[in-house]
Every structure is written in C-alpha cells, then in structure tokens.
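Q: Have a look at this one before I ask anything.
The values are calculated or read from the model by the stated rules, or taken from the named source; none is laboratory data. Note that the structure is a prediction, hence the values are computed from the model and not measured. No Cβ is skipped: glycine too gets one built from the backbone with ideal geometry, and neighbour counts run over all protein chains shown. To get the accessible areas, we keep the full protein, side chains included, count just its heavy atoms, and leave off ligands, DNA and RNA. Shrake-Rupley method; radii C 1.70, N 1.55, O 1.52, S 1.80 Å.
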Amino acid sequence: MRIIVIGAGVMGASVAYRAALAGASVTVLEAGRIGGGTSSCSFAWTNSNEKTPRSYYELNLAGMKAHAALADEFGATPWWHGGGCVDWVPEAERADLQAKVERLQAWGYAAEWITPRQLLELEPDIDPAQIGDGPIAYYPDEGWLDPVVYIGAMLGAARSRGATVLQATRVAETIVQGGRMTGVKTADGGRFEA
C-alpha cells in the first residue's frame, strides 16, 4: 500500500509513523519546513478537562493515553512533559468549577482538590494572594507536548521503516480517478501516486 501524507506537523508525523509501522510505503510531502505550520505555534496541552460532550472528552482522553503508551514503544518520551494542571477561578465561577470537577471524577478522570500549600509545592512562584481562599483543582495526568521534538521522533521512526520525507514540496492538486483519490500533483509539477 502506498500512502501520501500531506504536511509534516504533529498529525502528519503521527500518521506517517503509524502507516510505516503497519508496512505501508509512506511519502510525506511538506510545503515548508517540518513542523512549521500549526504545530510550530501550538502549546500542545494534553488534557480532557474542558471537553464536552462525553464523546469529545473520550476522544481527548484516548489521545492522552496514546501519548502515555508511546513510552512503551520508544523507551522514553522526551517530547512529553507531565506535572499536571491547576485550576482556580473567581468566586462567582466556583460553582462551575465544582460541577466540572464532580463531572470529571464521575467520568473517571484524575481530578482532585488540593490545598494552597500543595499548590505552592507544585508551583512555588504563584502568589497565594491571587488565589485567595478559593478551591484549587488539580489534574495530575495532564501535561504538554514539545511539537518539534515529537515530530522529529515520529518522522525518524517512520524513516527507519522506509518512509520518505520531502520538504519544500507543496501539493497543488489531488488526482481523482474512478471516484477515488489516487495521488497528488505538486506545485513544481511532480506527481505522487497513492
């Protein structure tokens, strides 16, 4: 099977790696530089604490679990940084925060209440006066992804399985035959079949 992946960002690199791992012949076409699009300006926070409805929550939770599982495949995940996330709100929004934490706990998400002292252990530079006496929620399984390091690891693993990655190769047109996309044409006149 021949697969063309358009774009070498977080999503493209992930698809390229999985397709190459499955035995496909993979060509990644990147118009600019690797990771230079949306991935270059993303904080890439791995979380599901604000996600509703339930189906969207589950999708994001599956993504969090998939990132954690990469440690089993790669031995280390230097692109992922844990530590969790803290959350507090003005007094007028506290009922909403309470309801959110209760919903997350009911759904099995790691969400808990912590004390100001625990918060300062996690984040010593926070001014306690800014928090006041409000409740502090903590989501310990959350973290963030370094897109550049992640993309490099995924494309490196894809290349080691035979994938080709081409930069400065802008896709200009898709080729459709018999109702199916069968390839692409690039701005420089190249043609790639899939």
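Q: Need the failing condition index for ILE136 against (1) surrounded by fewer than 19 Cβ atoms within 10 Å (Cβ to Cβ); (2) free of Cβ contacts under 8 Å to residues at least 60 places away in the same chain, just the number.
A: All conditions are met except number (1).
Q: Checking ALA129 against (1) open to solvent by less than 60 Å² (accessible area, probe 1.4 Å); (2) modelled with pLDDT under 95; (3) over 30 Å from GLY36 (Cα atoms); (4) hydrophobic (A, V, I, L, M, F, W, C): exactly one of these is not met. Which one?
A: (1)
Q: For ALA66, indicate whether it is of a type outside the set (Asp, Glu) and open to solvent by less than 40 Å² (accessible area, probe 1.4 Å).
A: For ALA66, the condition - of a type outside the set (Asp, Glu) and open to solvent by less than 40 Å² (accessible area, probe 1.4 Å) - is not met.
Q: Identify all residues within the range 82-98 that are loosely packed, with under 13 Cβ neighbours inside 10 Å and either at pLDDT 95 or above or out of contact with any strand residue (DSSP E or B) (no Cβ under 8 Å at 6 or more places or on another chain) (or both); write none if there are none.
A: PRO90, GLU91, ALA92, GLU93, ALA95, ASP96, listed by residue number.
Q: Would you mention how many residues in the range 31-57 are open to solvent by 20 Å² or more (accessible area, probe 1.4 Å) and assigned to a loop (DSSP other than H, G, I, E, B)?
A: 13
Q: Considering VAL101, VAL28, VAL15, which residue is open to solvent by less than 60 Å² (accessible area, probe 1.4 Å) and out of contact with any Asp or Glu (no Cβ under 9 Å at 6 or more places or on another chain)?
A: Testing whether each residue is open to solvent by less than 60 Å² (accessible area, probe 1.4 Å) and out of contact with any Asp or Glu (no Cβ under 9 Å at 6 or more places or on another chain) leaves just VAL28.
Q: May I pose another question? I'm trying to understand the selection: among the residues of the range 104-125, which are under 27 Å from the mean Cα position of the chain (by Cα), surrounded by 12 or more Cβ atoms within 10 Å (Cβ to Cβ) and free of Cβ contacts under 8 Å to residues at least 12 places away in the same chain?
A: Across the range 104-125, the qualifying residue is only GLN105.
Q: Does GLU173 fit the bill of being assigned to a helix (DSSP H, G or I), open to solvent by 60 Å² or more (accessible area, probe 1.4 Å) and acidic (Asp, Glu)?
A: Considered against the rule, which asks whether it is assigned to a helix (DSSP H, G or I), open to solvent by 60 Å² or more (accessible area, probe 1.4 Å) and acidic (Asp, Glu), GLU173 comes out as no.
Q: Is it the case, given these coordinates, that ILE136 is in contact with a Leu (Cβ under 8 Å, 6 or more places away or on another chain) and farther than 28 Å from ALA62 by Cα?
A: no
Q: So, of the residues in the range 176-186 that are assigned to a strand (DSSP E or B) and free of Cβ contacts under 8 Å to residues at least 40 places away in the same chain, which turns out to be most open to solvent (accessible area, probe 1.4 Å)?
A: In this case the residue turns out to be ARG180.
Q: Evaluate the following for ARG117: is it touching a Leu at 6+ places or on another chain (Cβ under 7 Å) and among the basic types (Lys, Arg)?
A: Criteria not met by ARG117.
Q: Name the residues in the range 52-74 that are over 18 Å from ALA111 (Cβ atoms) and aromatic (Phe, Trp, Tyr), would you?
A: PHE74
Q: OK, next. Can you give me the number of residues within the range 139-194 that are touching a His at 6+ places or on another chain (Cβ under 6 Å) and of a type outside the set (Gly, Ala, Ser)?
A: Looking only at that region, the number is 1.
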